[in-house]
Amino acid sequence: MPTRPLDATAGRPKAPLPDEVTPLLGNRTPAQFMRRYWQKKPLLIRQAIPDIEAPLTRDELFNLADLDDVESRLITHFRKTWALEHGPFAPDELPPVKKREWTLLVQGVNLHDDRAHALMNRFRFIPDARLDDLMISYATDGGGVGAHFDSYDVFLLQVHGKRRWRIGAQRDLTLNPGLPLKVLQHFEPEEEWVLEPGDMLYLPPHIAHDGVAEGECMTCSIGFRAPSARELTGQFLYHLAERSTDADAAPALYRDPKQEPVAHPAQLPSLLVDRVGAILADVSWNEKDVASFLGSYLSEPKANVVFDPPNRPLNEQKFVGRIQKSGLRLDRKTILLYDKRSYFINGEAGIFDSKTKKWLAELADNRLLEAKRFVTLEDDSSMTALLHEWYRAGWIQVDACA
Ligand code: SIN
Ligand code: CO
C-alpha cells in the first residue's frame, strides 16, 4: 500500500494516490487521468474542488504584484488594442477595478503564500520535476490575454467569478505579428464552456485557447514545464563542460605542432577543424551524467527567487531541540529532488550514503519531517549538521506545520 504524500500544511487536502478516485479529476483516478488525458487531450472537470475559495483576495494579489521578487504582468485591451506591461505595480498603478478588459497575471504565487502552495500540492500526483508554478490571474469584465497557445500542460482552476473558455486543436498556430503578446492570427474554437468557482479545465501543450472574464474573476493556473529539446541540449552541454575534472591537472589544450606557415592568414586551417572535430567526437556521457544534470537543472530556483534566512538563527543544539518538539518542513521555495544515487536541493547535488537516503527521500516526498520521525533519526550528527546548514540558508523551516 503506497503511503500518501503529506504536505506541510496540516489539515489541508493532499494529493490523491495513483489509484484513488477523486473529484479533482472528475471522479477518475490519477492513473486514469494520466493514461487518457495527460499530454493527450483537454478535459473539463466540473466541481473539481467544490466550495473553493480564492487562495488570495484581490487586494492580497495586488500587494504581491507590488513586490520586486514577484513576476507580474498587466495586460489591457482598451479600445481594442493589446498592451503589456511588466511589474512590479503599486496598487494605484493598476487600472481601476471598475474599468473593463484588463487582467493582472501574477506568477509563482505558490512561492509566497501557503494557501496557494497547498493548492498546488494537490497536483503532486505528477512528478515535482515537471511542476512549474501556480499563477493567479485577476480580470475585470471582458478581460483576458487573447487567443493563444502554451507550451505547458496547465490546469486552469476557476477560483472566483466566471470565465468563458473557448478551445480548439487547430494546426495553424501562427501568431499575430507586431503585438506585445502572443495572440493567434486565426482562432478556430471547437468547444466552449463557462467555468464557475471550483470548475477546472486541463489543457495539454499547443491547444489554442481563449478565456474571457464574465464579470470580475480569478483563475489559478497550475502549470507544468516541458523544456524544449533545444533548451535541454544547450543546458546539458554546459553541464558537461562544467563537469568536475581534476582541479590540479593542467587543462587539456588544443595543439598544432604540425601547423605549416600560411600565405592566407585569415583562412580557417583545416587541421584546426579536423582536430577540434576529433576532440568533440571524444565527448561522452552516461546515464549518471544525464540524471545529475536533470536533478541540478530542475531543482534550480528561478532567477528571481530569494530565500529568507532566519535573522537570528538558532545554534545547532537549539535547532535540534526545536525540531525534536515540532519537526521541520521544506521552505515553500525549496525544490528537493532525488534519484537512486543523489539528492538535488535548490540546484546543488549531494550523494546519498546508506544513512541519508531514507530520511532525505522521505523529506523530499512529504516536504516535512514530523517531530516523532526526527527523534528516531537525530543520532546521525551528519544529518543534523546538514539540516542546520539548510535552515541557516532559509531552505527549511522549523515546525512541520506552516
Ligand atoms: C488567464 O488566466 O487569464 C490566462 C491563463 C492562460 O490562458 O494560460
Ligand atoms: Co494559456
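Taken together, the values in this text are just the output of simple stated rules run on the coordinates, not laboratory data. Note that the structure is a prediction, hence the values are computed from the model and not measured. Virtual Cβ from ideal backbone geometry, glycine too; neighbours counted across all protein chains shown.
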Q. Are any of the pairs 14/333; 288/325; 40/357; 325/358; 318/355; 302/372 more than 28 Å apart by Cα-Cα distance, and if so, which?
A. 288/325; 40/357; 302/372
(Q) More than 21 angstrom separation, counting every C-alpha pair in region 316-398; what % is that? (A) 18 percent
Q | the chain: most fluctuating residue of 279, 49, 126 per GNM, C-alpha cutoff 10 Å | A | 279
**Q.** Whole-Hz couplings from phi, Karplus 6.51/-1.76/1.60, listed for region 35-41; x for Gly and Pro
**A.** 5, 9, 10, 3, 6, 10, 8
**Q.** Helical contribution to [θ] at 222 nm, DSSP H n ≥ 4, -39,500 (n - 2.57), averaged over the chain, rounded to 500
**A.** -7000 deg cm²/dmol
**Q.** Longest segment of the chain lacking trypsin sites (Lys or Arg not before Pro) that sit in a DSSP loop with at most 12 other Cβ atoms within 10 Å
**A.** 259-339
Q) Net charge near residue 369, counting Lys/Arg +1 and Asp/Glu -1 over other residues with Cβ under 12 Å of its Cβ? A) 0
Q.
Cα atoms only: what Rg and Dmax, in Å, come out for region 23-224?
A. 16.1, 47
Q) If you take the square roots of the eigenvalues of the alpha-carbon gyration tensor of region 294-360 and sort them as a ≥ b ≥ c, do you get rounded (a/c under 1.5), prolate (a/b over b/c) or oblate? A) oblate
Q: Excluding residue 397 itself, calculate the net charge of residues whose Cβ lies under 10 Å from the Cβ of residue 397, where each Lys or Arg counts +1 and each Asp or Glu counts -1.
A: -1
Q | Local electrostatic count at residue 237 - Lys and Arg +1, Asp and Glu -1, tallied over other residues with Cβ under 13 Å | A | -1
Q.
Using only the Cα atoms of the chain, what are the Rg and Dmax in Å?
A. 25.0, 81
